[in-house]
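A short worksheet on the structure shown next.
The values are calculated or read from the model by the stated rules, or taken from the named source; none is laboratory data. The structure displayed is predicted, hence computed values, not measured ones. Here the Cβ is made from the backbone with ideal geometry for all residues, glycine too, and neighbour counts use every protein chain on show.
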Amino acid sequence: MATSFLYFLLAIVFGLSCQVHAETHTVRFDNRCGFGTPTLIQGATILSTGEDYTSNGPLSSAIAYVPLCECLYNGENCLLLETTLGNPTCAGCGSSTDLSLIPPHAFSVTTGFSYFGGCDGVGATCDNPSCSTAFFQPNDNQVQVACQTDNVNLLITFC
């Protein structure tokens, strides 16, 4: 009986000493434009209108832009940022972010991004309608910026 009790205590101590490290990612905005409200959308859900957004788990297929008069709900007529933030489960399976000028998207304001909390400073900026850092065709895959670090965060800067 004493042995069973000892095993029980050891199991509790072991269980308490194990920490669960949940996946988390934060998207932060730096709007230097003086106008517009940064918007982060996933599917049909607005996740943020300028405040930090933290995802407890992967953030898949999210978009961000500064809505101006000519912008539509999915960023049409604006420069669009697309991102998936996720902990890598295989080589090349982590986070990926890009800028899109594939029609119906069009240059609106300078938009840039960089990872932080891992892959610090890695990112891209598009500051004109013909920038080399944005998608213009669906197969412009060379402009995607990847990060293979757990729990990486994203800073999105406008203007």
Which numbered condition trips up GLY92, out of (1) at pLDDT 95 or above; (2) loosely packed, with under 15 Cβ neighbours inside 10 Å; (3) over 18 Å from GLN137 (Cα atoms); (4) not hydrophobic (A, V, I, L, M, F, W, C)? (1)
Just to be sure, is LEU81 under 21 Å from THR37 (Cβ atoms), modelled with pLDDT of 95 or more and among the aliphatic types (A, V, I, L, M)? yes
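Yes or no, residue by residue, for (1) under 18 Å from the mean Cα position of the chain (by Cα); (2) among the polar types (S, T, N, Q); (3) under 28 Å from CYS69 (Cβ atoms):
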| residue | (1), (2), (3) |
| --- | --- |
| CYS93 | yes, no, no |
| PRO129 | no, no, yes |
| LEU155 | yes, no, yes |
| PHE158 | yes, no, yes |
When the residues of segment 16-49 are filtered to those that are touching a Pro at 6+ places or on another chain (Cβ under 8 Å), at pLDDT 95 or above and not hydroxyl-bearing (Ser, Thr, Tyr), which remaining residue is surrounded by the fewest Cβ atoms within 10 Å (Cβ to Cβ)? GLU23
Over segment 118-127, the set of residues surrounded by fewer than 18 Cβ atoms within 10 Å (Cβ to Cβ) and under 27 Å from PRO67 (Cβ atoms) is VAL122, THR125, ASP127
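Can you find even one residue in segment 69-77 that is farther than 26 Å from ASP150 by Cβ and surrounded by 20 or more Cβ atoms within 10 Å (Cβ to Cβ)? Before you say what the answer is, go through the steps one by one.
Kept after step one, since they are farther than 26 Å from ASP150 by Cβ, are these residues of segment 69-77: 69-77.
Among the residues that remain, those that are also surrounded by 20 or more Cβ atoms within 10 Å (Cβ to Cβ) are: 71, 75.
Yes, because at least one residue in segment 69-77 is farther than 26 Å from ASP150 by Cβ and surrounded by 20 or more Cβ atoms within 10 Å (Cβ to Cβ).
So which strands (runs of 3 or more DSSP E) stay within segment 56-159 end to end and still have 2 or more residues that are touching a residue at least 60 places away in the same chain (Cβ under 8 Å) and not acidic (Asp, Glu)?
On the way: elements: 59-65, 80-85, 95-100, 111-116, 123-126, 145-147, 153-158.
Correct list: 80-85, 153-158.
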